[in-house]
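Novice: Before I ask anything, here is the structure I am working with.
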Amino acid sequence: MEYGSCEYLVPCGKDKFISKNELLLHLKTYNIYYEGQNLQLRHREEEGELIVEGLLNISWGLRRPIRLQMQDDNQRIRPPPSSSSWHSGCNLGAHGSVLKPSTLPDIHVTDVDATVNTESTGSNTGTTRLQPEDPPQLLRTRSDVGVRRRGSSRTPSEQRRIRRHRFSINGHFYNHKTSVFTPAYGSITNVRINSTMTTPQVLKLLLNKFKIENSAEEFALYIVHTSGEKQKLRATDYPLIARVLQGPCEQVSKVFLMEKDQVEEVTYDVAQYIKFEMPVLRSFIQKLEEEEDREVKKLMRKYSILRLMIEQRLEEISEGPARL
């Protein structure tokens, strides 16, 4: 790398480099496009190395469901006594202990709608006595879905609960019934990364953000163009640099998270033909077949002539000793 001049090279993948000035021009165009938005990128230099950092938009392109973690890393949840107790009519205490059938516990209903209605009416009752024939309800976990009311003020306890939530995938938090689900195809999320992070590092960061149990080895990042071209980012590539070089407009190209074994790369040459109608494609095939036939006939004539020349030479050689 030529650090002695302003034209030193910035790595953008294995054996791939771009000049610093060219990258800064791309970065300037990128930031002008996102002027006034949080997708603008910043750059700095550390020990002579140019580092770009900021948010990268990634679209969900999964075909199979993903699994969300049941609990956060530092949170312990006691399981129920049996797998059937989640939906059975047994009585559970606040900490998952089984109570005797003769005593019915007071169960605090933590539904957000009920909480908001109770606070607005100024009621002093915080618990609800259920009838014996009604099955008891489980307390909501910290990671369950909360219903938000627009325009309504939240109490300090509600604000603390919301802050404790993990990130949601398009509004989806973990709960016991929907811990396995498929994100909407094409929906967008983002992660804050820098230009020194490789593709595997970005994948792990994204999965950790949403507490996804699946291994990062199952997925890959693809740059998908509107033309149909699909380019897989290698393990040695830097996704943020690749995004800057592709340009800022996501109507032209997007970064997708997809399964490795579900997607095949589509080259630019192949992508040119994807959006043609079938009659046009058939005419292309017909032209190619005709050209192939012409080439085959040309090769057959060429080697037929060579064969005759070789046979004639062999006859001359065989007749030579006989004459002697």
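The values are calculated or read from the model by the stated rules, or taken from the named source; none is laboratory data. Please read these numbers as outputs of a predicted model, since none were measured by experiment. Cβ coordinates were reconstructed from backbone atoms using ideal geometry, including for glycine residues, and neighbour counts include every protein chain displayed. Note: areas computed on protein heavy atoms with side chains; ligands, DNA, RNA excluded. Shrake-Rupley method; radii C 1.70, N 1.55, O 1.52, S 1.80 Å.
Novice: Which residues, taken from segment 249-292, are hydroxyl-bearing (Ser, Thr, Tyr) and in contact (Cβ under 8 Å) with a residue 12 or more places away in the chain?
Specialist: So the first thing to find is which residues in segment 249-292 are hydroxyl-bearing (Ser, Thr, Tyr), and the list is 253, 267-268, 273, 283.
Ser253, Thr267, Tyr268 - these are the residues of segment 249-292 that are hydroxyl-bearing (Ser, Thr, Tyr) and in contact (Cβ under 8 Å) with a residue 12 or more places away in the chain.
Conditions (1) loosely packed, with under 15 Cβ neighbours inside 10 Å; (2) at pLDDT below 90; (3) closer than 21 Å to Tyr222 by Cβ, marked per residue:
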position: Asn31; (1), (2), (3): no, no, no
position: Glu46; (1), (2), (3): yes, yes, no
position: Glu53; (1), (2), (3): no, no, no
position: Gln69; (1), (2), (3): no, yes, no
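Novice: OK, next. May I ask you to verify whether Phe210 is modelled with pLDDT under 90 and either assigned by the TED database to the domain that holds Thr29 or under 19 Å from Pro183 (Cβ atoms) (or both)? Even if it seems obvious, please write down each step before you answer.
Specialist: Working: modelled with pLDDT under 90: yes; either assigned by the TED database to the domain that holds Thr29 or under 19 Å from Pro183 (Cβ atoms) (or both): yes.
For Phe210, the condition - modelled with pLDDT under 90 and either assigned by the TED database to the domain that holds Thr29 or under 19 Å from Pro183 (Cβ atoms) (or both) - is met.
Novice: Follow-up question, since we're still on this one. Can you confirm whether segment 234-248 contains a residue that is open to solvent by 70 Å² or more (accessible area, probe 1.4 Å), touching a residue at least 60 places away in the same chain (Cβ under 8 Å) and assigned by the TED database to the domain that holds Leu55?
Specialist: If we filter segment 234-248 for residues that are open to solvent by 70 Å² or more (accessible area, probe 1.4 Å), which is where we start, we get 234.
Right, trim to touching a residue at least 60 places away in the same chain (Cβ under 8 Å) and you get 234.
Going one step further and asking which of them are assigned by the TED database to the domain that holds Leu55, we end up with 234.
Checked against the condition, which is being open to solvent by 70 Å² or more (accessible area, probe 1.4 Å), touching a residue at least 60 places away in the same chain (Cβ under 8 Å) and assigned by the TED database to the domain that holds Leu55, segment 234-248 yields at least one hit.
Novice: Out of the residues in segment 9-21 meeting the condition of being touching a Leu at 6+ places or on another chain (Cβ under 9 Å) and surrounded by fewer than 16 Cβ atoms within 10 Å (Cβ to Cβ), tell me which one is farthest from Ile241 (Cα to Cα). Break it down into steps so the answer makes sense when it comes.
Specialist: Let us first name the residues in segment 9-21 that are touching a Leu at 6+ places or on another chain (Cβ under 9 Å), namely 10, 12-13, 17-20.
Subset that is surrounded by fewer than 16 Cβ atoms within 10 Å (Cβ to Cβ): 17, 19.
Details: Phe17: 11, Ser19: 12 Å.
Across segment 9-21, the extreme among qualifying residues is Ser19.
Novice: Here is a follow-up. Restricting to segment 237-273, give me the number of residues that are touching a Cys at 6+ places or on another chain (Cβ under 8 Å) and within 23 Å of Glu218 (Cβ to Cβ).
Specialist: Of segment 237-273, the ones touching a Cys at 6+ places or on another chain (Cβ under 8 Å) are 237-238, 241-242, 245.
If we keep only those that are within 23 Å of Glu218 (Cβ to Cβ) as well, we get 237-238, 242.
Final tally of qualifying residues: 3.
Novice: For Gln246, all conditions in the list (1) in contact with a strand residue (DSSP E or B) (Cβ under 7 Å, 6 or more places away or on another chain); (2) over 30 Å from Lys28 (Cβ atoms); (3) polar (S, T, N, Q) hold save one; what is the number of the exception?
Specialist: Single failed check for Gln246: (2).
Novice: Residue check: is Glu311 among the acidic types (Asp, Glu), farther than 30 Å from Ser19 by Cβ and modelled with pLDDT under 90? Before you say what the answer is, go through the steps one by one.
Specialist: Working: among the acidic types (Asp, Glu): yes; farther than 30 Å from Ser19 by Cβ: yes; modelled with pLDDT under 90: no.
So Glu311 does not fit the description; no.
Novice: Among (1) closer than 20 Å to Lys16 by Cβ; (2) of a type in the set (D, E, K, R); (3) crowded, with 19+ Cβ neighbours inside 10 Å, there is one condition Lys254 misses while meeting the rest; what is its number?
Specialist: Here Lys254 clears every test but (1).
Novice: Sort out which residues of segment 242-292 are more than 25 Å from Thr196 (Cα to Cα) and touching a Phe, Trp or Tyr at 6+ places or on another chain (Cβ under 8 Å), and write them in order of number.
Specialist: Within segment 242-292, Val263, Tyr273, Phe276, Leu281, Phe284 qualify.
Novice: Condition (residue is open to solvent by less than 70 Å² (accessible area, probe 1.4 Å) and farther than 26 Å from Gly13 by Cα) applied to segment 315-322: is it met by at least one residue?
Specialist: Applying the first criterion (open to solvent by less than 70 Å² (accessible area, probe 1.4 Å)) to segment 315-322 yields 320.
Next, only the ones that are farther than 26 Å from Gly13 by Cα stay: 320.
For segment 315-322, residues open to solvent by less than 70 Å² (accessible area, probe 1.4 Å) and farther than 26 Å from Gly13 by Cα: present.
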